[in-house]
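A short worksheet on the structure shown next.
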Amino acid sequence: MCDHLGIEHLAAVAGISAGGRVAVTMAARHPDLVRRLILQSAVGFLPYPDRRTRIGAGIVFRAGAEAVTWAAVRLLMRLAPSAGLRLMLGSLSARPGAEVVAGLAEQDRATLVQLFRHMRSGRGFLADLRPVPPPAVRIAQPALVIASRHDASVPLAHAESLAETIPGARLIVTEADSHFLWFGAGYSDVAAQIREFLAQGE
């Protein structure tokens with residue numbers, strides 16, 4: 001795609017959640033294209049997810065059920081958005097859903113409600129559950145790994161493993177309340193560190 005668009009260099013590739021493995025693999029395979037790597041709430045190459053999550057996801061996101069699952073989420077977000085946020089964020093946080101929602105600014109709540117009201121996963125979530133082997137080539141680019149210690153979706157061990165196996169990688173562990181570490185207090189400091197990391201490559 002980059003060749004088709006005439007893009008010779010990427011300032012950075014960002015891998016978020018299950019996209020972390022894709023980003024790492026891309027950086028490993030295309031060192032002349034990718035200059036930097038940013039991983040946020042990223043799944044690494046440790047076993048993922050746990051057995052209960054794998055079984056549950058296989059039921060609610062299988063073909064035929066996935067559309068019904070998201071229709072139910074959209075209905076909940078329309079009729080009872082606060083309850084919907086507590087339910088969804090509670091599944092993504094080691095903290096109680098009500099506590100996570102209470103810590104959000106009003107604008108962040110509105111943004112998340114709209115996000116969940118427009119979500120569809122198709123076969124994507126099931127694809128995310130497939131085991132992915134780590135790249136055979138070591139990562140040569142500077143890497144920034146960011147994760148929350150309260151993320152219940154992707155354990156902190158994944159970020160720690162990525163930071164340990166990527167030479168020179170820098171790990172930032174935040175106190176964000178959930179997998180969505182962009183929402184809530186403290187992300188402005190993380191964003192500043194991301195901008196500083198990117199500026200080092202200019």
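For this structure, a couple of remarks:
- The residues of the stretch 33-75 that are open to solvent by less than 20 Å² (accessible area, probe 1.4 Å) and charged (D, E, K, R) amount to a single one, Glu66.
- Of all residues in the stretch 174-189 being outside any loop (DSSP other than H, G, I, E, B) and in contact with a Leu (Cβ under 7 Å, 6 or more places away or on another chain), the one that is nearest to Ala18 (Cα to Cα): Thr174
- Among the residues of the stretch 84-114, those identified as without any contact (Cβ under 8 Å) to a residue 12 or more places away in the chain and within 19 Å of the chain's Cα centre (by Cα) are Leu87, Gly90, Gln114.
- Selection of the stretch 146-194 for residues being of a type in the set (Asp, Glu), touching a Lys or Arg at 6+ places or on another chain (Cβ under 8 Å) and open to solvent by less than 50 Å² (accessible area, probe 1.4 Å) yields only Asp177.
- Looking only at the stretch 11-32, residues that are at negative phi, in a loop (DSSP other than H, G, I, E, B) and open to solvent by less than 40 Å² (accessible area, probe 1.4 Å) come to 2 in all.
- Qualifying residue in the stretch 109-130 (condition: part of a loop (DSSP other than H, G, I, E, B), among the basic types (Lys, Arg) and either at pLDDT 95 or above or closer than 19 Å to Val24 by Cα (or both)): yes
- Residue check, Ala94 modelled with pLDDT of 95 or more, on the phi < 0 side of the Ramachandran plot and open to solvent by 50 Å² or more (accessible area, probe 1.4 Å): yes
- Selected residue (only one of Phe197, Phe180 is within 14 Å of the chain's Cα centre (by Cα) and farther than 18 Å from Gly44 by Cβ): Phe180
The values are calculated or read from the model by the stated rules, or taken from the named source; none is laboratory data. Just so you know, these numbers come straight off a predicted model, no measurement behind them. Because the Cβ atoms are built from the backbone with ideal geometry, glycine has one as well, and the counts that use them run over all protein chains shown. Just so you know, the surface numbers come from the protein's heavy atoms only, side chains and all, with ligands and any DNA or RNA stripped out. Shrake-Rupley method; radii C 1.70, N 1.55, O 1.52, S 1.80 Å.
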